[in-house]
Structure formats: structure tokens, C-alpha cells
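J.: Questions regarding the structure given below will be posed in turn.
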Amino acid sequence: MTPQEARYRLEQRTKQQQAVLFLDALLWFLAFFSATVLAVTRLSGSPGLGAGIALVAGTIAFGLRSRNIGLFAFNQHKLLQLLHRHHKEYEDSGDLLLADETTLTTLQQVQLHRTLARFSAGHKQLAFPHQLKKATLVLTTALLLGLLIYQFGPQLGNKPEEDISPATHTSTGPVVVLPAAIKAMRLQITPPAYTGIKKYTSDTPTLPVPEGSRVQWSLTFSENISSAHIHLTTTDSSALTGNAGNQFTFEKSLYESVIYRFSWQQADASFAGSAYYKIEVIPDQPPTVVMANNLAQFTELSFPAQHLVTLQARLSDDFGLSTASIVATVSKGSGESVKFREEKIAFTQPAQISGKVINATRTIDLRKLGMEPGDELYFYAEVIDNKVPMPNKARTETYFVSLKDTTRQDVSVEAGLGVDLMPDYFRSQRQIIIDTEKLLRNRKKITRQQFNATSNELGYDQKVLRLKYGEFLGEEAESGIGVHGSPAEDDGGDDVTKKYGHAHDTENEHNLVPEKKPEAKETHHHEHADEPGKEESPLEAFAHNHDNAEEATFFVQSIRAKLKAALTVMWDAELQLRLYEPEKSLPFQYQALKLLKEISNDSRVYVHRTGFDPPPIKEDRRLKGDLAETKSTTGYHHDKHTESLPAIRQSIAVLERLLDKPGETLTSQDRALLQQAGNELAAVALKQPGQHFRSLSALQALLQGKTENRNTSLLLILKSFWQAIPGRAPSPSLQTQPWHSLDRKFVDNLNTD
Amino acid sequence: MTFDPLFTFWPVILTATGLSAVFVFMEWRRAFRFRLLRCLAQLLMVWALTALVLRPAVPKNRAENDTILLTPHFNAAQADSLKQLYPHAQLRQIAGTDADRAVSTWSEHEIANTRTGFAYVLGDGLPPTVLDGIPEARYAFLPGHIPNGITGLRFSRRTVVHQTITLSGTLRNTYNGTRMILEGPGGAEDSTQLKTTAEAASFALTFTPRQAGRFMYRFVVKNKAGQTVDHIPMPIEVRGEKKLNILILQEFPTAEVRYLKNFLADHGHRLNLRYHLSRNIFRYESANTGPKKVTRLDEKLLNDTDLVILDSDALKNLPTTDRQQLEASLAQGLGIILFFNDAPGTNAALQSLHIPKFAALKQDTVQITLLGQSVQLRTLSHYMPAQDGFQPVLQAGNRSLAGYTFSGFGKTGVQLLTETYRFVTEGKPNLYAALWGPLIEQTARTRQQPTRIRVITPEPIYPDEPIDIEILTAGIKPTLLADSVPIALTEDVVLDDRWLGRVWFGEKGWHTLAVAEDSTQSGLYIHEPEHWQAARISYQHQLNRLRNGPRDAIAVQTTKPEPLSPWIFFGLFLAASGFLWLAPKL
């Protein structure tokens, strides 16, 4: 081998080694590119973005790797370095192969020939180390990693449809393929000014918009068309604005979700239509108001020490609040003389209500409201948002604040009155207390026997009072611990007391609740308790379930609980009186009095009068039996029997016919009917989100003759149509039958017999 | 030898003998060659002609009915056994039979005209159209196997919208179906579990159509793995509700009638109501019809009314003329439903309406079953015991609480349940409809229909099969239109106004039978031949079993004269006459 030939071989070998290095760098490029494209596509949801970023990442990886392995600096000298490093037999003399022979010394020439001989013999077996295995491993790992991310990685790019923040200026709905004839569709959404959301545009026809938004559709058709219409489920079809050409627009304010589609007349006078799209209107949510501090719904204050009530409310709304106030009602007096006064009080902090979330406070001075002990304040916070034209309102529950009545009203018998008009056999709780205290005062003046007898009588009075209140609680018979017999058997019955008694300290003192008639009680048989397997009925909610304290309906739950507590205390009071220990009975009696007073106050609830208040009939016209002005009247029950979804009902027959005869084509009447049925179905689809949308698309494809599998499409549409029809209870139907002359003769003969 | 002469035997013989003598004598006298042969030719010619008239036959021993007829789905082993037993028997098959052997095929026409008959029929049997042509034929029928599918189906032909329809039947289920589903246009309607590998698994499926029209339901049979093993189309024609004309008379308004009125008005029935408020003062109401004041019950009003609902007090206070008219209209077909404002009793007015007898009930509430639910209702503490002419509609156990009696062409219904409106207030309109619907429907007048169409040919019917139609009319001569094509009809020779016709439909799918003189229409579905084969074959088996004859028919050997072919005698005549023509020229 000559030196020239050796140089040629070296050059070839250098190129081979460069190719290996290039392959190495290329594998690194592919590794980074593939991993990045998969990961970014998954995360962003945009393949284009993924490819772009991956290209950059791959190029960087390629560059770094090339620099690392010296791809671009590789030449024959680098190859000779490798040769010297990995093949010691060349004795570091490879450079002689490239040197000019004429310039070499004798020794160098001897060495050159030695090297040439070795090179000639072994140049084909020369092998240099490379890192292709490592690069392949990197590529494999990167691919696996990328695939893992692509399959299971999070999707950061797909924002939920409900996100309609002002910053969202691009499409938020799913990608929808537009029909071929519509080249582009752009929706400009202008939300109401009060929402504070700026105008934005979208290229997707299916998207959510805030309630009241003005939507402008701008359509560009791929060719000139004669006219275009939009068909909204909420209204009839409307023509799109635009001269005959390929640009059309339409504007509408949306207050409820719509399903819509476009139809257009093409230049050749044929009609075409788009698929159905949906715009979901996100309604303006009503504001929320929550009492922030731990204010109990029922609060009792000691006046005048506690006369300030601090209210803290947290107000919020999705778009903003406009006003908020406290509506307070002061009630004064008792019984039929209760008076109410309503005031609207503004929050003091902040002075102006605006913004989305506000912590508002107000301290109410009860004295300034003119309240006195025994009076009550009912209030609630009301908040109104900034929606126009009809703002949303919200309010809290009603809170009650009562000022404790510490005054004591004693019943006194006029000194000059010779006769005690109050019957002895029925006393109020306060009277029993007075009598008990009087008994204790006179203890030393009377005999032991008299004392015990009086104490026992007071115990009896206490029992009568307890039974009276027990009746309000729904207890018809005496009930309690250790009591099984009838009170009438023990003590001569309480019928006498009911007949002649006058109950004080009772809820029904002023006969607001009708008294139950004793005879009704006697004749009322509780048969329903014996009925086996009685089905639970909603009517029971309105029925009076007797002799069950839990079911009594006279009072609300809190009052009932208090009344039960009062009855329990009365038991204890009676017990002590019966044991001739009135001093031990007094605390229980006071407790019972306090509870009864509270019940009396709790039941004083203000309710606004509603409905028609007829004027009273003059007494001179009553019960005369004069029917002169009474005449026969006629009434007309309007026909409500109009079948819903008429087009869908008729279309079912068309679909059945098409299914039965696969070769039959749609007539123009069929098309019109199916189109109308599609609009009806779209209206149904709005109320049943997620249903019928595929059927609507299939229907549109069918009408355009673009359906791939007609039978499947027809079945799908038919199913939706059928499901859209509401079910109804069966109705009796007229029966018909041909009457043969023999039938008539037969029946006539039967009658003769 | 026997003869089957066309004319009387002996005159023919005498004539032939005379003619022979004359012709032989004349031939003998002719002076030509072959005298003897010519005389013999004359004899042969005359007697050959005589034989053509006398039609001689030669006795021959042979088996009667020596044919084994194969039909589709025959059992090959049975055919082989029979052939082995009767080697001289002939095998024949009908069209559509894949006998897989050299067997000649008989057309329907040939079967009808076969003189020898057939002893055995194997397989599905002869179709009804062939059986019609051989009414006297008797044979041993050895049925083949019935394919999987529905072999029998029962359901009410009165399919009205919103009313529950039950389809019950039997399924030959050797394909291991575990579940049967009834699918309608809106998806699955009902399903039931099946006995696997049952020869006849019974099923009952229900559905409630939401719309009137012609629909294709489907029976889907699935196996344990959830795979569909069979798919049977079920065409159903659902009819719309026909509205009633109802008159309600009340002595005073009640909640019961108010809810009933609302129920009927909401369903589109035409109502007129009259409440008696005070003396000579009434309140009139109407719904789904023009405002109308019903002041008196005349014939025209009641003829236009299908049902009168009134309470016992209103009936008692009706003027005599009104009551008489009510009775007369009842006899002519009017329906009456009676309410009792208190305990039901009897008086002259009630007796005239032929109301049923009542018996006291101890309790004032009863437990009845409606739509599969047990519900409790109040009653008037009476019930109607079983009696002649009484038809119960609602029963608690064996005690009838609602029902009707016949009176002429009309019916008088009674409802003893009270406070039924609670179903409406409880939001159970279906229970309310189930309680009142049957009583109202069955008691109301049955309107006269001019014609009725009935398809006599049992389903399934396949393309190009004859379909027998029966039309009953009320004295008119009908014109049957099959898909707008007039069809000839013949009137029954015995029964007036019963007309029969036969049609053929060539295409599968729905077809319409209509009477031109009336709006009466009836839908008929022609199935694809591969559907409902199990039902068709099962029905065919039943028909063929009715023709079952002796099993040993093929073994009977009889001697039967076999006529000699007339061609022989004709040939002899030609030969003899030809010789006679040729002999003078030789």
C-alpha cells in the first residue's frame, strides 16, 4: 500500500466515523424531540405547540451532543488520535501517513513503512469505540417516558366550559367540525355591562355565555349564497343579515340556553344546513348572605344592660352587589293588642355596598328603636345584586331578639268586691304560686290538717293546670310517670273544670285556637290505629293524629319542647304539694311560670296578611233566603287537550315508514316535518342536557343526505323522538262494533223473554 | 279384462259386429289381391275403433298411496326407515325441501291432482294453501323439528295508545337464551328471564305505547354471555283513543265528580255538566265542546251521548219525562254510571235502570289491587254480589265494588268506592285512571261501526301468499281496497252481510286494508320469509296433524284395472286403414 492509498483509506474511515457520530447525535435529537412532542401535546392539548417546542428541544439536544462528541470537529487527525489511543500497535506513528514523504527523516521513513505495512494489513479490522448503544437507550427511555405522559399525564390545556372569566378570549368549547359550506364562523360575545366581563370572540359555535349576553354570529361561506337563516329553539327562524355573497351576520341577546343551526340557499337554489350547536347560558347566580357572627336565632337580652346588638354579615355575588340592608320589625304589646313596626336599617360598614364579596357590619341600638322590656325584634338581612333589569335578591332567616320582661303582674282581687269572681277550681300558675306563698305565710296560724288539706288542693290545681297544657301538647289522657288511670276516676274528672273553668297563662287564652269539644273526643274512635298494614299516606301530614305528643301540631318544635319541659316541672311542683311540702314546690312553680311566659312570647309571630279580605256581610241581609239575585250560571272548561310535540309525533310515522322501506326517499313534506320535529327535539334537549344531541346531528345528516348508515341513523332518531314524548295516564276510549241484524234480533228477543 | 266404455257396452258391440260383417262382406267381393289380408284389416280397423270407445283395462296388483312425501325439515332417518320398510314406495319432495337425494319434486298443483295420493308426509307438513286443495286427503304425518323462535303468541288486538299491552307466548329455546327483551322504538320496554334449553319456555312482556301508529317492536333473545341469539320483529298497530260524549248530572257538586270531570276533560272527552244548586237554579259546565245548557233530556241529546254519570238524588229528582227518555235511551245502547250520595238502596227510579242488587259490608274501607299495587279505599259499606247479568269491573276479593248490568243494548254501571280523588291529590294519576278508566269504557255506549275487517289467515303471512279477509257489515255492500286496489268480494251464502275476499301482497312491510264506504282501516304486515318460521311451522304441524291417517296405509295391496293405452288401438286402426288404402295399389 502506498502512502497515497493509505491517506485515501484514512479519509474514508474518517467519513465513516463522522457518520457514526452523526447517528449518535441524531438519536439524541429524536429522543428529546419525541419525548417533548408527546408530553407537550398532552399537557397543552395542542399538537402544533408540541411539535414546535419539541423541535427546539431536539435541536438543543442535537447541538449539545454534537459538541460533546466532537461531531463537527472530527477530522483525520482526530481519527489518528483515536487510532493511537485504541491501537497501540501503530506506536503513535499514524501521523506519518499524512506527512509529506520528502520532508521525513530516514528514521521517520522507516517508521512510515512499518506503519504502512501494519495499516495495509489491518485497516479493514480497525474498530473505534462509539456510544450508539447509549444513544439508543436514551431514545427508548425518552419514548417510553413520552408515551407515559401522553397516556396518563394531566391535561392543562382543556379548561372547563363553565370558566367564562373575562380573560378567556378564545374558544372554550369542544372542537366542532364545521360543515363544508361554512368556511368560518366567529362569535362575538358581549356580556352585560354589569358583569364587568369584556367583549370577547370565539371560533367555536358551541360555548357557554353569561346570561343576557349579546351574541353576534359572523359567518363566512365558502361560496356565494342567496340567503341564510338561523334556527333557534327559542324562536322561529330568523334571516341572517348580509347581501348575497359569502358574509352574513346575526345578533341576539340570550337569556336562556339555545340549540341552533344554520340553513342557507345556495347559488343553485338548493338548500343546505349546518349541524346543531348549543349555547349554554350561565344564569346570574343570586347573591348569598350569611350572618357571620355567632348570633343565635333566638336571643333574650336583659334590658337595659344589654341594648346593643352587633350584626356581621358576609355578602357575596358572582358579578357584584348593589344594595344590602337589615329589615327589622319591632313587636310590642301582647295578645290581640300586639303592634308591629317595620324599619329598614342600612349597614354602617361599609358605607357603600359594591363589589363581589363584602363583610358588612351594623350595630343596632335597641333603645333607639324604641324597644322596652317585653318587646321583641325580628330582623333579617337582605341583599340585592347588580343584575339588570331584574336584580336577584337573597335574605337570611329571621332572627329574634327579645328583651326580658322582669316586671311582675299580680292578680289582685278588688278589696271592695264582695265576691271573688275567679272560680276556685281553676287557677293559673301565678295564682297557684300566690296561694302557695300565702299558705306558707299562714302556716303557723292554721292547723297541720288544714295546711295539708290546702297543700293537697293546690296540688290538685297544679294537676288541672298541667292537664290543660298537656291537652295543647296533644295529650288527651293523663300521661306520665306512674300514672295509668283516668283522671276522672281519681279526682272526679276534669270535665267539670273544662266546662266551667277559665284557663289563664295558656296559649289559647284568647281562643285563637279552637277548643276541642269533649263530645268529639268521646265519639272519636281511633279505628285507624287498628288497621293492619296501613300504607303511609301524604294525607297524614295534614291529619290530626290524636293522643301522640310527638305528632301534636299546635306549636312549632321549640315551643313544644318548652311546653314539655313546663309540664315536667309542673309534675314536680304537684308532687311536692301532694307531699305537703309547698316550700319545696315553689321553685318548680316559678320555673313553670317562667317557661309559660316564654312560650307566650315565642308564639307571638308576625305574619303578613295575604289574599282577599272580603267585606263583612251586612247583618240585615243575612239568613233571609232571598234568591232573587241568584241565577243559574255556566262555566266552560277550555280545551287543554292539545298533544305536545305534534311534529315529533307525526315524524315517528315517517321514520317507521323509512325503516320499513329502505329504498324510499324523503319527500319535501317529510323534510319539512322532520325539520320541525328536530326543532322540537332541540327544545326538549335543552331541558335534558346530554340527551338527543347525537340524534339531532343524525337528523341533520339525514336531511342533507350525508348519513353513512341510514338504518342506524333512523333508529337513533326514532329512539330520541319516542323518548321525548311524555307518558300519560290511560284514558277510557269509545268502543265501536258492527251491529249485525242478527245481533239486534238476539237482544230484542232476550228483552222479550 | 274390464271395460270403461264411453257409451253403453252392448250397443257398441252389436254395432261393431254389424259393421265388421258389412265391411268384410264388401271387401270380400272386391277383386283385388290380398283378399284374406284385406278382410282381416277391415276387422282390425273396426275393432280398434271399438276398443277406443270401450276403453279396455287389464287388472293389475299394486299398492295404493305408495308415495312418501318429504317436506322441509324432514328427518332423514325416518325417511330411510320407511324406505327400508316399504321398498316399492316412491319418494317425492315439495319445493323448498333439500332432500339431498335423487327425489323428484312435486309442485303444489301436482299434489292437488295426484291420483295415487301419498301415505306419509315427513317434515314441516303441507302448507295451508296445498291442504285447501286436497280437503279429503289423509296421511300419516311425521313432523320434523321446529326451529328456535316464538311458536305461539297471544295479545289483545285492541291496542290503544297509553294502555298497557301484554304479549305472552311460548318460545322454543334450545339455543340457550337466558333473557328475552321487548324493544320498542324508544328502546327496551320490558324483559324476562327464560328457562334455558326449554322446548317451550313461556314468557309475558308488557309495554305501554305513547303514540298511535304502526310500529316495529322487537323480541331480542340473549344468552348468558349477553350475546343476541335471536331477533324477532313484532309489528304492532296502535290505535288512538276515541273520545266520549259524557253528560254529568248532579244534585249538588262533590269533590269526587269535580276530580272525575277534570280527569275526563284533560283527556279530551266532551263533557256537559249540570249541578243542581237550588230550586230551579243550576250550574252548567262544559268541556271540550261548545257551551251548552242541558235543561231536559231529550232523545237527540241522549243519542249523541255515550255515557251519563248521575247521582241517585239527581235521578230521583228528574222529571218523569226525562227519566222515561233515559230508560228508553238505555235500552238503545246508552251507558249510565250511578253514584250514591249515601247508602245504596232501591226505589222505582233505580229499578227502572236495572241496577244490581247490593249486600251490606261490615267495614267502610276495602283493600283492592290496582296496577299490581294494593291500595285502600273507602266504600259505601255495600258490595254487589254475583248475580245474573252483572259484570264486575273492580273487586276486593270476591266482592264487586264497581261493575255494570246489561239493559237492552245499554249498560248501567255502579261505583261503590268513594273518595277516589285522593289518588290525584297524592300524585298517582295512573291509579286513578286504572280505577275509573275500565268502568267508564266498558259502561259507555258501544257505537255502531258500519264495517269490520278481519284477516282470517293466521299470521305470519309472507309475500305472495293468499290472505283471506272477512268483512262484516251493517247492511251495506262493501268494497275492499287492498293498498287502494279494489278486491272482489263474495257474500256468505248462509249468513247475510258477511263478505269474503282473498288478496295477495307481493312486498314485505305494512299494507292497508280499507273499506271504501267507511273510514274503517286495518293494517297488515307481510313478514320476510325468514322471520317467524317457528310460529309458521308450529301452526303447519297443527294443521297437518288434523289430516292424520293410518300409519300402515302404504302396505295395502289392491288389484286395480289398469286401462290399456288408447294409442295402441289408434295405431292399429291407422295400420289397418293404411293397408286397405295401399293394397289396391300394390
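Each value in this text was obtained by applying a stated rule to the coordinates, not by laboratory testing. Worth saying up front: this structure is predicted, and the values here are computed from it rather than measured. Neighbour counts run over all protein chains shown; Cβ positions are idealised from the backbone, glycine included.
J.: According to the Kirkwood expression over distinct Cα-Cα pairs, how big is the hydrodynamic radius of the range A:255-372, in Å?
T.: Evaluated over the range A:255-372, this radius sits at 19.1 Å.
J.: Going out from 0 in 5 Å bins, what whole percent of all Cα-Cα distances in the range B:418-508 drops into each bin?
T.: 3, 11, 15, 14, 10, 9, 8, 8, 9, 7, 6, 1
J.: Still on this structure, I have one more. Given the options A:Leu308, A:Thr323, A:Met291, identify the residue whose Cα lies farthest towards the positive end of the charge dipole of the range A:267-330 (+1 on Cβ of Lys, Arg; -1 on Cβ of Asp, Glu).
T.: In the range A:267-330, that residue is A:Leu308.
J.: How high is the FRET efficiency between A:Ser741 and A:Ala672 when r is their beta carbon distance and R₀ equals 51 Å, given to the nearest 0.05?
T.: Here the calculated transfer efficiency is 0.60.
J.: Another question, if that's okay. Largest first and in whole Å, give the semi-axes of the range B:140-264's equivalent ellipsoid, each being the square root of 5 times a Cα gyration tensor eigenvalue.
T.: Taking √(5λ) for each eigenvalue gives 41, 16, 13 Å, largest first.
J.: Over chain B, calculate the relative contact order: mean separation of alpha carbon pairs under 8 Å at least 6 apart, over the residue count, as a percent.
T.: Once divided by the residue count of chain B, the mean separation gives 15 percent.
J.: Between B:Phe25 and B:Val58, how many nm apart are label points set 7 Å from Cα along the C-beta direction?
T.: Using points 7 Å along Cα→Cβ, the separation is 3.5 nm.
J.: Moving to a separate point now. Quick check: residue separation of A:Thr633 and A:Ser46 times 0.36 nm, minus the Cα distance between them. What number comes out in nm?
T.: 203.9 nm
J.: With equal scatterers on the alpha carbons only and no solvent term, can you work out the Debye log10 of I(q)/I(0) for the range A:639-753 at 0.11, 0.23 1/Å?
T.: Scattering profile of the range A:639-753, log10 relative to I(0): -0.49, -1.28.
J.: Next question. Just to verify a number: FRET efficiency for B:Arg33 and B:Thr129, C-beta to C-beta distance, R0 = 51 Å, to 0.05?
T.: So the FRET efficiency works out to roughly 0.20.
J.: In nm, to one decimal, how far is the modelled label at A:Ala99 from the one at A:Ala565, with both set 7 Å along Cα→Cβ?
T.: 11.6 nm
J.: Jot down the radius of gyration and Dmax of the range B:164-217, Cα atoms only, both in angstrom.
T.: 12.4, 37
J.: Cut-off under 26 Å on the C-alpha distance; same-chain residues fewer than 8 positions from B:Lys560 excluded. Which lysines are left, in chain and number order?
T.: B:Lys560 reaches B:Lys60, B:Lys83.
J.: Using θ = phi - 60° and the Karplus relation 6.51 cos²θ - 1.76 cosθ + 1.60, list the HN-Hα couplings for the range B:199-212 in order, rounded to whole Hz, with x at every Gly or Pro.
T.: With coefficients 6.51, -1.76 and 1.60, one gets 5, 9, 8, 8, 8, 8, 10, 10, 7, 10, x, 9, 8, 7 Hz.
J.: Add +1 for every Lys or Arg and -1 for every Asp or Glu among the other residues with Cβ under 14 Å from the Cβ of A:Gly245, and state the total.
T.: In short, 0.
J.: Further question on the same structure: For the range B:505-525 and the range B:119-145, what is the separation of their Cα centres, given in Å?
T.: Comparing the Cα centres of the range B:505-525 and the range B:119-145, I get a distance of 31 Å.
J.: Sticking with this structure for a sec: Can you give me the Rg/Rh ratio for the protein assembly as shown, using Cα atoms for both radii and the Kirkwood formula for Rh?
T.: Across the protein assembly as shown, the Cα-based Rg/Rh ratio is 1.16.
J.: Still on this structure, I have one more. Given N residues in chain B, what is Rg(Cα) / (2.2 N^0.38 Å)?
T.: Cα Rg divided by the expected 2.2 N^0.38 Å: 1.52.
J.: Let me ask another. Loop-only check: which GluC sites (Glu not before Pro) in the range B:101-202 are DSSP coil with at most 13 other Cβ within 10 angstrom?
T.: Passing both the DSSP loop test and the Cβ count: B:Glu136.
J.: What lysines could a cross-link reach from B:Lys362, if we take a straight Cα to Cα line under 23 Å and drop same-chain neighbours fewer than 8 places away?
T.: Partners within reach: A:Lys534.
J.: Quick one: if you stick a label point 7 Å off each Cα along the C-beta vector at B:Ser168 and B:Met1, how many nm between them?
T.: Placing both labels 7 Å beyond Cα along the Cβ direction yields 7.2 nm.
J.: Another question, then. Hey, what do the phi angles of the range B:567-583 turn into as Karplus ³J(HN,Hα) couplings, whole Hz, using 6.51/-1.76/1.60 and θ = phi - 60°, x for Gly and Pro?
T.: Result, rounded to whole Hz: 4, 4, 6, 5, x, 4, 4, 4, 5, 5, 5, x, 5, 4, 6, 8, 3.
J.: Taking the Cβ of B:Arg210 as the centre, find all other residues whose Cβ is under 11 Å away and add up their charges (Lys, Arg: +1; Asp, Glu: -1).
T.: 0
J.: With charges set only on the Cβ (+1 for Lys and Arg, -1 for Asp and Glu), what does the dipole of the range B:53-190 come to about its Cα centre, in debye to the nearest 20?
T.: 380 debye
J.: Give me a comma-separated list of calculated 3J(HN,Hα) values for the range B:22-27, in order, Karplus coefficients 6.51, -1.76, 1.60 applied at θ = phi - 60°, integers in Hz, x for any Gly or Pro.
T.: Rounded to whole hertz, the list is 4, 5, 5, 4, 5, 5.
J.: Which is the longest run of chain B containing none of the chymotrypsin sites (Phe, Trp or Tyr not before Pro) found in DSSP loop states (not H, G, I, E, B) with at most 16 other C-beta atoms within 10 Å?
T.: Result for the longest clean stretch: B:176-586.
J.: Using the structure shown, select from B:Lys243/B:Lys293; A:Lys661/A:Lys719; A:Lys564/A:Lys597; A:Lys687/B:Lys242 the pairs with a Cα to Cα distance greater than 24 angstrom.
T.: A:Lys687/B:Lys242
J.: Hey, got the dipole for the range A:1-141? About the Cα centre, +1 on K and R Cβ, -1 on D and E Cβ, debye to the nearest 20?
T.: 480 debye
J.: Please list, ordered by chain and number, the residues whose modelled amide H lies under 5 Å from the amide H of A:Ser213; skip anything fewer than 5 residues away on the same chain.
T.: Close amide H contacts, sequence-distant or interchain: A:Leu254.
J.: Could you size up the charge dipole of chain B around its Cα centre, putting +1 on the beta carbon of Lys and Arg and -1 on that of Asp and Glu, and report it in debye to the nearest 20?
T.: 780 debye
J.: Something else about it: For A:Lys15, which lysines qualify as cross-link partners when the Cα separation must be under 27 Å and same-chain residues fewer than eight apart are set aside?
T.: Once the sequence-local lysines are set aside, what remains near A:Lys15 is A:Lys78, A:Lys88, A:Lys124, A:Lys133, A:Lys134.
J.: What relative contact order, as a whole-number percentage, does the range B:165-234 give when Cα pairs under 8 Å and 6 or more residues apart are counted?
T.: Here the relative contact order equals 35 percent.
J.: What are the trypsin sites (Lys or Arg not before Pro) within the range A:657-753 that DSSP puts in a loop, where the Cβ has at most 16 other Cβ atoms within 10 Å?
T.: For trypsin sites (Lys or Arg not before Pro) across the range A:657-753 that sit outside H, G, I, E and B with at most 16 neighbouring Cβ atoms in 10 Å, the list reads A:Lys706.
J.: While we're here: If I take R0 = 45 Å and measure r between the Cβ atoms of B:Ala225 and B:Lys477 in this structure, what FRET efficiency does the formula 1/(1 + (r/R0)^6) give, to the nearest 0.05?
T.: With R0 = 45 Å, the Cβ-Cβ based efficiency is 0.15.
J.: Related question: Hey, what number do you get for the protein assembly as shown at 222 nm if only DSSP H runs of n ≥ 4 count, each worth -39500 (n - 2.57), divided across all residues, to the nearest 500?
T.: Per the formula, -10500 deg cm²/dmol.
J.: Out of the range A:665-724, which chymotrypsin sites (Phe, Trp or Tyr not before Pro) are coil in DSSP terms and have no more than 16 other C-beta atoms within 10 Å?
T.: Of the chymotrypsin sites (Phe, Trp or Tyr not before Pro), not one in the loops of the range A:665-724 has a Cβ with at most 16 other Cβ atoms within 10 Å.
J.: Relative contact order (percent) for the range B:441-504, with alpha-carbon contacts under 8 angstrom and 6 or more residues of separation?
T.: Taking the mean separation of contacting Cα pairs over the length of the range B:441-504, I get 31 percent.
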